[in-house]
Amino acid sequence: MNEFVRSVVEKRIRRAMAAVERNNMKAFYCERADQVPAFVRQLLPAGCSVSHGGSATLSECGVTDLLAQGGYRYLDRSKAAGPEELDKLYRDVFSADWYLTSSNAVTEEGELFNVDGNSNRVAAIAFGPAHVLVIVGCNKIVRDLAEAQSRLETLAAPANTARLNSRTPCAQTGRCENCHSPARICCNTLITRFQRDPDRVKVLFVGEPLGF
Ligand code: SF4
C-alpha cells in the first residue's frame, strides 16, 4: 500500500477502533492478515465450541483453516449433510462459546453493519453465542451508515452473490436492483451499536484489505 494511502487508512482504523470502544465493544488490531490466526488461537480457549458465518474474510486470512485443524469443538456448516442438519446446526450455534464473522461494513461511528438473506448470521451476532469476534479488513471501514448502505449495494452484495453463484440481479449488473429474488442476500439488516455487555462483542481490525 502506498505510504500516503496507508497514513489515511491508519487514521480511519484508529477512529473506528475508538468509536467501537465507546460503543462498549472491545477493539483489537493486527497489522497484517497473516497475523490473524495467531491472534484467534490466543483468544479462543482450547476445546471451546465455535462456529462462523459464511465469509470470504475468514477464509482469506486463514481462520477457517485454523478451526479445521482441530483443537476446538467446531460447528462446521460445510459438513452438514443436508438442509435439515444445516438448520439444526444454525440453531445449535446459539449456544456456542464463540461465533466468528466479518462485517459488511464498520462505520467510523463504531457501528457494525450487516445484512443477511437466511439471517442465521445476523441473528447469532445479535444474540446467542457467548462471545462474538468480528474480523474486518481496512477496506470495510466507512464513514457512516449511508456509506455502509452504498458500499453494500455497489460492492459487497454484488460480489458476494457472484461468489455464491446466486441468481440475483446484482450478480448480473454489479449493483443493487432492489430485487424480490428468492436468493436475495439482504433480507434483514443488523446495525450493532452500543452493547450492554462489554465483553461479548470483540472487533479485530486488520491493516490490510480482506473480503469484500
Ligand atoms: S436487494 Fe437483491 S439486487 Fe439488491 S443487493 Fe440485495 S440481493 Fe442484490
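The values are calculated or read from the model by the stated rules, or taken from the named source; none is laboratory data. Computed from a predicted model, the values in this text were never measured in an experiment. When we count neighbours, we look across all protein chains shown, and the Cβ atoms used for this are built from the backbone with ideal geometry, even at glycine.
The conditions are (1) under 25 Å from Leu44 (Cβ atoms); (2) within 16 Å of the ligand (Cβ to nearest atom); (3) among the polar types (S, T, N, Q), and Asn120 fails exactly one of them. Which is it?
If we test Asn120 against (1) under 25 Å from Leu44 (Cβ atoms); (2) within 16 Å of the ligand (Cβ to nearest atom); (3) among the polar types (S, T, N, Q), just (2) comes out false.
Looking at Phe194, is it part of a loop (DSSP other than H, G, I, E, B) and either within 15 Å of the chain's Cα centre (by Cα) or under 28 Å from Leu44 (Cβ atoms) (or both)?
On the way: part of a loop (DSSP other than H, G, I, E, B): yes; either within 15 Å of the chain's Cα centre (by Cα) or under 28 Å from Leu44 (Cβ atoms) (or both): yes.
Criteria met by Phe194.
Quick grid of which residues meet (1) among the aliphatic types (A, V, I, L, M); (2) under 23 Å from Val63 (Cβ atoms); (3) out of contact with any strand residue (DSSP E or B) (no Cβ under 9 Å at 6 or more places or on another chain):
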| position | (1), (2), (3) |
| --- | --- |
| Gly137 | no, yes, no |
| Ile141 | yes, yes, no |
| Gln149 | no, no, no |
| Ala159 | yes, yes, yes |
| Glu177 | no, no, yes |
| Ser181 | no, no, yes |
| Cys187 | no, no, no |
| Arg200 | no, yes, no |
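Kindly indicate the residue of the stretch 179-190 that is part of a loop (DSSP other than H, G, I, E, B) and closer than 11 Å to Val115 by Cα and also farthest from the ligand (Cβ to nearest atom) among those meeting that condition.
Restricting to residues being part of a loop (DSSP other than H, G, I, E, B) and closer than 11 Å to Val115 by Cα, the top hit is Cys187.
Six or more apart or on different chains, Cβ under 6 Å: which pairs go from a residue in the stretch 63-86 that's more than 24 Å from Leu210 (Cβ to Cβ) to one that's among the hydroxyl-bearing types (Ser, Thr, Tyr) and not in a helix (DSSP H, G or I)? Could you list them?
Arg73/Ser49
Looking at Ser181, Ser166, can you tell me which residue is more than 24 Å from Tyr29 (Cα to Cα), modelled with pLDDT under 95, surrounded by 15 or more Cβ atoms within 10 Å (Cβ to Cβ) and among the hydroxyl-bearing types (Ser, Thr, Tyr)? Spell out how you get there, then give the answer.
Values: Ser181 fails: modelled with pLDDT under 95.
The unique qualifying residue is Ser166.
If Val8 meets every condition in (1) of a type in the set (Val, Ile, Thr); (2) within 21 Å of Ile185 (Cβ to Cβ); (3) without any contact (Cβ under 8 Å) to a residue 12 or more places away in the chain apart from one, which number is that one?
(2)
Identify all residues within the stretch 14-34 that are assigned to a helix (DSSP H, G or I), more than 20 Å from Pro198 (Cα to Cα) and touching a strand residue (DSSP E or B) at 6+ places or on another chain (Cβ under 8 Å); write none if there are none.
Answer for the stretch 14-34, where residues must be assigned to a helix (DSSP H, G or I), more than 20 Å from Pro198 (Cα to Cα) and touching a strand residue (DSSP E or B) at 6+ places or on another chain (Cβ under 8 Å): just Ala33.
Regarding the stretch 35-46, can at least one residue be identified that is outside any helix (DSSP H, G or I), in contact with a Leu (Cβ under 8 Å, 6 or more places away or on another chain) and either within 21 Å of Glu111 (Cα to Cα) or of a type in the set (Lys, Arg) (or both)?
no
Test Pro37 against the criterion of being out of contact with any Lys or Arg (no Cβ under 9 Å at 6 or more places or on another chain), touching a residue at least 12 places away in the same chain (Cβ under 8 Å) and either charged (D, E, K, R) or exposed (fewer than 15 other Cβ atoms within 10 Å of the Cβ) (or both), and give yes or no. Spell out how you get there, then give the answer.
Values: out of contact with any Lys or Arg (no Cβ under 9 Å at 6 or more places or on another chain): yes; touching a residue at least 12 places away in the same chain (Cβ under 8 Å): yes; either charged (D, E, K, R) or exposed (fewer than 15 other Cβ atoms within 10 Å of the Cβ) (or both): no.
Judged against the criteria, Pro37 is not a match.
Out of all the residues in the stretch 123-141, which are farther than 24 Å from Glu85 by Cβ and either among the small types (Gly, Ala, Ser) or within 16 Å of the ligand (Cβ to nearest atom) (or both)? Give the derivation first.
Just the residues of the stretch 123-141 that are farther than 24 Å from Glu85 by Cβ, to begin with: 131, 133-141.
Gly137 - this is the single residue of the stretch 123-141 that is farther than 24 Å from Glu85 by Cβ and either among the small types (Gly, Ala, Ser) or within 16 Å of the ligand (Cβ to nearest atom) (or both).
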